[in-house]
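*Asks:* Take a look at this one; I'll ask things after.
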Amino acid sequence: MKNKMLIISAVLVTLLLAGVFYVSHYNFSTGLEHKEEKIIKHGFRLFEEQIGTYIIENYSGIAKIEFSPILIQGDKDNPPFTAHVLPVIYDKEGNRAVLGGQFGKKGYPAYGLSSDLKLDFDYNDHEIIELGNSAKGLGVEIDVSDAESLPNEAKIKTDIKPIDENIAALVDVKKLKNVKKDRAGSPKAKIDYNLEIKRGEYWKYQ
């Protein structure tokens, strides 16, 4: 009987430790490990700054840029895993317009894990964060794994056609007013970053 009690106690302790391990390593609401959440937030913080900086440095008439939550789908057991964010532009008249997704008869790309942003871990579990575009050109990758804010060499100097076409379409239908391509930019515009991770479909975000 004593041995049986010892076995039961050992099983309970094992289950308890397994539960503590799971809780300490996973977020139930996202289904992600904490290290996965950490690298996603780090990578998207830099990516949002890269996209936001391009817009305010190349367009006048902008008051603010904010971002949707980081919207994820899938996981290791249900691939593919995707993570996207949508930029939101406010003009100086208070109009609000979301970039990306379906707009009229045309669809515009969302922004996230793809050729534009790559996240991984090395053999020692160190973060690997690469932006797909840099000051050297579109498609020229840059490693920003150790950066906390966007380095100058990661600021995009080349026109980004999908963003330019999307903004032009929003201006055409007057969702944005007095916003135009202008190298003077909008130096007083601010960027509100959003690092909340939520499960959801990016094309439904408005």
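Since every read-out is calculated from the coordinates, none of them should be taken as a lab result. Computed from a predicted structure; not experimentally measured. Methodologically, a virtual Cβ is constructed for each residue, glycine included, from the backbone with ideal geometry; neighbour enumeration extends over all protein chains shown.
*Asks:* Report the antiparallel proportion of the DSSP beta bridges in the chain as a percent, rounded to a multiple of 5.
*Replies:* Counting only bridges with both partners in the chain, antiparallel ones make up about 85 percent.
*Asks:* About the Cα centre, and with charges only on the beta carbon of Lys, Arg (+1) and Asp, Glu (-1), how big is the dipole of segment 117-206? Nearest 20 debye, please.
*Replies:* Dipole size: approximately 1000 debye.
*Asks:* Order of 59-69, 170-180 by packing, highest average Cβ count within 10 Å first?
*Replies:* 59-69, 170-180
*Asks:* Continuing with the same structure: May I ask you to evaluate 6.51 cos²θ - 1.76 cosθ + 1.60, the Karplus curve with θ = phi - 60°, for each residue of segment 48-60 and list the ³J(HN,Hα) values in order in whole Hz, giving x for glycine and proline?
*Replies:* 4, 5, 5, 5, x, 5, 4, 5, 6, 8, 10, 9, 9
*Asks:* If R0 is 35 Å, what FRET efficiency do you get for residue 148 and residue 198 from their C-beta distance, rounded to 0.05?
*Replies:* Efficiency computed from Cβ-Cβ geometry: 0.90.
*Asks:* Can you give me the distance in nm between label points at residue 191 and residue 135, each placed 7 Å from the Cα along the Cα-to-Cβ direction?
*Replies:* Label at residue 191, label at residue 135, 1.4 nm between them.
*Asks:* Based on the Cα gyration tensor of segment 39-105, what are the three equivalent ellipsoid semi-axes, each the root of five times an eigenvalue, rounded to whole Å and given largest first?
*Replies:* Result for segment 39-105: semi-axes of 27, 15, 9 Å.
*Asks:* Also, I was wondering about something else. Per residue of segment 139-145, what does 6.51 cos²θ - 1.76 cosθ + 1.60 with θ = phi - 60° give for ³J(HN,Hα)? Whole Hz please, x for Gly and Pro, Karplus curve as stated.
*Replies:* x, 9, 5, 9, 7, 10, 4
*Asks:* Here's something else I'd like to know. Quick one: which residues, 5+ away or cross-chain, put their amide H under 5 Å from the amide H of residue 108? H built at 1.01 Å from N.
*Replies:* The answer is 101, 102, 103.
*Asks:* Can you tell me the order of 189-200, 38-49 when each peptide is scored by its average per-residue count of other Cβ atoms within 10 angstrom, highest first?
*Replies:* Listed from highest to lowest mean packing, they are 38-49, 189-200.
*Asks:* Could you pull out every residue, at least 5 positions away or on a different chain, whose amide H is within less than 5 Å of the one on residue 32? Hs are placed 1.01 Å off N in the peptide plane, and Pro or chain starts have none.
*Replies:* Distant-sequence amide H within range of residue 32: 27.
*Asks:* Moving on to the next point. I need the phi-derived Karplus couplings for segment 169-175: 6.51 cos²θ - 1.76 cosθ + 1.60, θ = phi - 60°, integer Hz, Gly and Pro marked x.
*Replies:* 5, 5, 5, 4, 9, 6, 6
*Asks:* Calculated from DSSP H runs of 4 or more alone, at -39500 (n - 2.57) each and per residue, what is the 222 nm mean residue ellipticity of the chain, nearest 500?
*Replies:* -10000 deg cm²/dmol
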